[in-house]
Amino acid sequence: MSADAEQAHSSRRTPPPRPAHPPRTAPTPRSAPPPRTVAPPSAPPGFGPPGFGPPGFGPPGFGPPGFVPDPDTPVLGVPAKVPFPRGAFRGVRHTGRGAFTADSPRVPPHPGAPPRPAAPPGAGTGHHRARGRTVAAAVSLVLGLGLLGGAAAGSWLGDSPGATASAADDYATARAAWHSVPADDLFPRTLRGKGEGPGGADRLWTRIAVAPDSSCGGGFDPLLTKALSPVGCERLLRATYTDATSTSVTTVGLLITSADPAGMKALRQRFTEDKLDGRADLMPRPYAAKGTAAARFGDDQRASWRIRILTDAPAVIYAVSGFADGREVTDPQPAYEATRRGATTAPAQSGLGNDARGIADATEDAFRRALSKAPAAPDEPEKRGSAS
């Protein structure tokens with residue numbers, strides 16, 4: 001191939017070179033916009049001590065709308081969350097009036113804060129506390145004097161001639177009531193004791209005899225007569241009851257004394273302190289009416305008894321119980337012992353303690369009801385026979 005042909009063939013295979021692009025040049029830098037400045041609101045008058053914070057420092061919450069401060073971001077070099085150091089409240093105590101006081105040295109004021117004015121002498125917590133103690137002491141003194149005065153006044157009123165005269169009138173009415181009160185009111189024909197029997201059983205007692213009113217001779221053993229002698233004896237009234245099965249009999253007595261209220265209180269105190277109502281040698285005597293279920297009710301048949309000394313009336317109420325078949329009792333017991341739970345003696349298991357207690361209590365109730373209806377002046381004495 002000729003040189004011209006070979007050159008022409010090469011020109012067909014190789015494209016002609018492209019023209020080169022001009023070199024790129026860096027864009028002209030654009031000037032940055034000036035930074036926006038937001039002026040913080042001015043602080044309200046009186047906010048913070050003088051010299052606190054930069055000029056115009058405002059309260060929390062200032063800034064552009066929607067601005068929420070980060071509690072972990074320091075503000076003016078102070079974190080928002082500042083934990084209290086351990087022992088920060090050591091030595092701090094409450095004063096009781098919404099304030100606290102510290103035993104440790106006082107915290108110095110801010111360097112720019114104005115000095116506090118000195119408190120006048122006598123002012124402060126100690127002054128108020130001392131004044132409170134003075135007022136409390138004065139109130140306590142007034143209350144104490146009032147209580148003492150009230151107690152003294154009560155004592156004077158209780159010992160006044162009017163109160164003494166009223167008690168004497170009540171005693172005189174009670175002492176004369178036996179003249180006018182019917183026997184059926186003092187000693188009802190039947191007595192019902194609901195739950196008065198052993199184990200809480202009901203009891204029914206029927207009157208079988210009423211003794212003629214008499215002096216106290218023969219009604220008590222000599223030792224009991226001596227124990228009751230300080231209150232005297234105006235009249236002795238007695239009646240005898242039997243239970244529904246006629247196996248037990250009980251004599252109840254009403255002793256009208258000649259003592260005044262002080263004498264009755266002294267007698268009751270002596271019986272209580274010396275426990276005279278629980279001594280077997282001071283048992284009352286029974287009334288064994290002939291021809292009745294109590295005909296064989298003698299001193300050896302006494303099994304249980306109860307003695308009640310009243311202080312609001314000149315009276316002593318008693319009851320003594322035993323077996324109707326005449327059997328002797330070697331271990332008599334007062335009613336308060338024979339009615340105790342678990343007692344196994346013969347007076348307890350037979351219910352004789354319950355009879356003495358129940359009939360004595362029922363007679364006391366009947367006597368009080370009779371006193372409420374008794375006239376002030378005595379009438380002619382009523383004849384009381386042994387028939388029921």
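Nothing in this text is a laboratory measurement; each read-out follows from the coordinates by a stated rule. Computed from a predicted model, the values in this text were never measured in an experiment. Note that we place each Cβ from the backbone using ideal geometry, even for glycine, and neighbour counts take in every protein chain shown.
Things to note:
- Förster radius 25 Å - calculated FRET efficiency between Asp312 and Thr225, Cβ distance, rounded to 0.05: 0.55
- Restraint check, Lys194/Lys275; Lys265/Lys290; Lys194/Lys226, Cα-Cα greater than 31 Å: Lys265/Lys290; Lys194/Lys226
- Overall form of the stretch 243-388 per C-alpha gyration tensor (a/c, 1.5; a/b vs b/c): oblate
- Per-residue Cβ neighbour counts within 10 Å put Phe187, Phe271, Phe367 in the sequence Phe271, Phe367, Phe187, beginning with the fewest.
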